[in-house]
Structure formats: C-alpha cells, structure tokens
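*Asks:* Before we start, here is the structure in question, set down as structure tokens.
The values are calculated or read from the model by the stated rules, or taken from the named source; none is laboratory data. All figures in this text were calculated on a predicted structure; none of them were measured in a lab. Virtual Cβ from ideal backbone geometry, glycine too; neighbours counted across all protein chains shown. Ligands, DNA and RNA are excluded from the accessible area calculation, which covers all protein heavy atoms including side chains. Shrake-Rupley method; radii C 1.70, N 1.55, O 1.52, S 1.80 Å.
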Amino acid sequence: MRVFIVGFIENVLSWVGLVYSEPQRRAAAYLREYSRKYDTVEIDSWFYKISGPEEVADYLAQVPPAFRFTCKVPQELTLTHLRGNAGASMGVPNPSL
C-alpha cells in the first residue's frame, strides 16, 4: 500500500512545518523534499493541462528512481458534460466524448 498526498504544491504554505521544512522558490524543490518522505504523488494539475516534456523531465530529476507518479486523467476524457467557466453554460455535452 502506498500513502501519498494529492498534489505536492497545493496549499503549500499551510504545509510548511508539517510536510515541508521551509518555503521554497520553485515547485520542484517542494517535490524533492516531498520525495524524501513519501514514494508516490498525484499530479492533480494534469486534469486541467498536461505538462510539457521539460516540466516532466524536471519532476523526474527531483525524485529517486523508485518514486511513482499518478496522474489525474484530463477532464476532456472524464467529463461527460462541460463545466460552466467564464460565462459558458453548465451541462453542455463534452464534444470530445
């Protein structure tokens, strides 16, 4: 069984002192510290936008080889109906499905 926190940089300031020793300038620094305590993390942001190869390589450079990432499936694949954003109508069928 693996225990992990969803997203390593969400609500990060409230985690200083609990998960992280001090505030960092870069998200990758939080991941490096996180990976010393946990062996798995969910990348929640991929629900909204999949990161490019450079960002993924940066993530991999911060963690040990056995570290595992779980990725939230993009909303284009999981939402049968679109959410109302920026004045859009809620409940409109997702044309990607």
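*Asks:* Return the pairs, sorted by first residue and then second, in which the second residue is open to solvent by 70 Å² or more (accessible area, probe 1.4 Å) and outside any helix (DSSP H, G or I), the first residue lies in segment 25-44 and is among the aromatic types (Phe, Trp, Tyr), the beta carbons are less than 7 Å apart, and the residues are 6+ apart or on different chains.
*Replies:* Pairs that qualify, where the first residue is among the aromatic types (Phe, Trp, Tyr) and the partner is open to solvent by 70 Å² or more (accessible area, probe 1.4 Å) and outside any helix (DSSP H, G or I), are TYR30/ILE9; TYR38/VAL3; TYR38/PHE4.
*Asks:* Going through GLU54, GLU33 one at a time, which residue ends up being under 20 Å from PRO74 (Cβ atoms) and either at pLDDT 85 or above or open to solvent by 40 Å² or more (accessible area, probe 1.4 Å) (or both)?
*Replies:* Criteria check complete, one pass: GLU54.
*Asks:* Same structure, new question: For segment 57-83, how many residues meet the condition of being over 10 Å from the mean Cα position of the chain (by Cα), under 23 Å from SER21 (Cα atoms), open to solvent by less than 60 Å² (accessible area, probe 1.4 Å) and among the hydrophobic types (A, V, I, L, M, F, W, C)?
*Replies:* The total comes to 2.
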